[in-house]
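The values are calculated or read from the model by the stated rules, or taken from the named source; none is laboratory data. This structure is a prediction, so every number in the text was calculated from the model and none was measured. Because the Cβ atoms are built from the backbone with ideal geometry, glycine has one as well, and the counts that use them run over all protein chains shown. The protein model used for the area step is the full one, side chains on, heavy atoms only, and it has no ligands, DNA or RNA in it. Shrake-Rupley method; radii C 1.70, N 1.55, O 1.52, S 1.80 Å.
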Amino acid sequence: MSRYAATLSPLLGIMTAAARKAALGVLRDFREVSQLQVSKKGPADFVTSADKRADEVLREELSRARPDYGFLTEEGETIEGADSEHCWIIDPIDGTLNFLHSLPSFAISMALTYRGDVVCGVTYDPVLDEIFYAEKGKGAYLNDKRMRVSARVSMEEALIAAASSGFARPERERFFRETEAVSSKAAGLRSSGCASLNLSYVAAGRFDGYWERHLQAWDIAAGIVLLREAGGIVSEPNGGDKMLESGAILAANPRLHRLLAEVLRETHT
Ligand code: IPD
Ligand code: CA
Ligand code: CA
């Protein structure tokens with residue numbers, strides 16, 4: 001049986017095929033990285049080159065299919081395409097720190113924007129062979145099944161994901177205040193260590209909500225369309241809608257989005 005929903009649009013077909021192709025090398029490199037743990041200088045450099053190799057495969061596949069589209073990727077040069085309205089946003093390996101530590105929670109994540117709006121997103125976890133994909137107006141899927149955000153409506157039963165990569169002191173303090181407030185109300189607090197998977201898990205109803213700041217567009221672009229198409233709400237933690245620009249995100253099912261935004265806001269007053 002097909003691993004995909006009955007009709008995969010041409011764009012999603014291109015993106016999912018590119019993700020699967022890049023995954024072959026990423027998985028090979030992941031197996032190798034565990035062998036490098038014993039060497040002091042080995043793993044970090046190796047992971048950087050694994051990132052670059054995956055980036056090249058994705059660029060090659062996507063530009064062969066749509067030669068005129070631009071690129072914004074973590075590992076390579078930003079390219080303004082001849083078609084200035086379309087841009088691929090790519091994180092070839094999201095969750096590099098997990099990858100480096102042989103933790104099997106990382107993803108290949110990519111999105112397509114049209115006039116700045118995310119219209120397609122794909123996040124692929126090659127270890128579990130889980131592919132999360134969505135196109136604006138056409139629903140969100142995990143492998144061949146439609147996905148929806150969770151139906152949980154109370155904080156007491158909610159499993160929330162949070163992370164902070166802001167190392168500046170005021171940022172750390174804000175994050176600690178927020179996590180204290182949320183964890184005192186929620187059933188639990190987690191992070192996969194991979195922003196794109198945290199977002200995919202909210203879209204799939206595994207996590208009920210997630211917030212993080214100081215991310216980059218490539219960490220969250222795919223998740224934005226996945227969330228919206230799965231019936232969730234995605235915004236900045238303060239309610240704004242400039243997530244791609246600010247890198248700050250709050251994603252949840254509609255009810256918990258309201259509750260979480262409230263709890264976060266209260267920690268600042
Ligand atoms: C990181 C991951 C992580 C998040 C960091 C990101 P990378 O991306 O998404 O979950 O907390 O802020 O930088 O470096 O592994 O691609
Ligand atoms: Ca990333
Ligand atoms: Ca990365």
query = Given a 1.4 Å probe and every protein chain left where it sits, what share in percent of the accessible area of segment 163-245 is carbon and sulfur?
reply = 49 percent
inquiry  = Along each principal axis of its Cα atoms, how long is segment 175-250 end to end? Whole angstroms, biggest number first, please.
reply    = 30, 24, 22
query = In whole Å, how far is the Cα centre of segment 8-35 from that of segment 140-185?
reply = 27 Å
ask   = L256 accessible area, nearest 10 Å², 1.4 Å probe?
value = 0 Å²
request  = Determine the equivalent ellipsoid of segment 76-124 by diagonalising the alpha-carbon gyration tensor, then write out the semi-axes as square roots of 5 times the eigenvalues, largest first, rounded to whole Å.
outcome  = 27, 12, 6
ask   = So what is the accessible area of the chain per residue, in Å², with the probe set to 1.4 Å?
value = 46 Å²
inquiry  = As a test of the formula, what do you get for the chain when each DSSP H run with n ≥ 4 contributes -39,500 (n - 2.57) and the sum is divided by the residue count, at 222 nm and rounded to the nearest 500 deg cm²/dmol?
reply    = -13500 deg cm²/dmol
Residue with peak Gaussian network fluctuation, the chain [Cα springs, cutoff 10 Å], from D94, D144, D83 = D83
remark   = Calc'd 3J(HN,Hα), segment 21-33, phi into Karplus 6.51 cos²θ - 1.76 cosθ + 1.60 (θ = phi - 60°), Hz, glycine/Pro = x, comes to 5, 4, 5, 4, x, 4, 5, 4, 5, 5, 5, 6, 4
request  = Return the long-range amide H neighbours of F207 (sequence gap of 5 or more, or a different chain), with a cut-off of under 5 Å between placed amide H atoms.
outcome  = V202
query = Within the chain, what percent of beta bridges assigned by DSSP are antiparallel, to the nearest 5?
reply = 75 percent
message = In whole percent, and with a 1.4 Å probe on the protein chains, what portion of the accessible area of segment 56-140 is carbon and sulfur?
response = 50 percent
inquiry  = Could you put C87, C120 in order of accessible surface area, largest first, with the 1.4 Å probe and the full protein assembly present?
reply    = C87, C120
key: Vicinal HN-Hα couplings computed from phi for segment 143-150 (Karplus, 6.51 cos²θ - 1.76 cosθ + 1.60; Hz; Gly/Pro x)   = 6, 9, 10, 4, 10, 9, 5, 5
ask   = Separation of segment 88-108 and segment 198-239 by C-alpha centroid, Å?
value = 17 Å
Base-10 log of normalised Debye intensity for the chain (one unit scatterer per alpha-carbon) at q = 0.09, 0.12, 0.16 Å⁻¹ = -0.39, -0.70, -1.20
task = For segment 237-243, take each phi angle, set θ = phi - 60°, evaluate the Karplus expression 6.51 cos²θ - 1.76 cosθ + 1.60, and give the result in whole Hz per residue in order, putting x for glycine and proline.
result = x, 8, x, x, 10, 9, 4
note = With Cα springs under 10 Å, the Gaussian network model of the chain assigns the largest mean-square fluctuation among L226, L199, L72 to L72
ask   = If you take the charge dipole of the chain about its Cα centre, with +1 on Lys and Arg Cβ and -1 on Asp and Glu Cβ, which of A82, A261, S63 is farthest toward its positive end?
value = A261
key: Low-density loop positions, GluC sites (Glu not before Pro), segment 177-218 - DSSP coil, at most 12 other Cβ in 10 Å   = none
request  = Leaving ligands, DNA and RNA out of it, work out the accessible area of F175 with a 1.4 Å probe and give it in Å² to the nearest 10.
outcome  = 40 Å²
query = By how many degrees, between 0 and 90 and to the nearest 10, does the Cα long axis of helix 42-65 differ from the longest principal axis of the chain?
reply = 70 degrees
key: Global size of segment 131-269 as Cα Rg and Dmax, reported in angstrom   = 13.8, 45
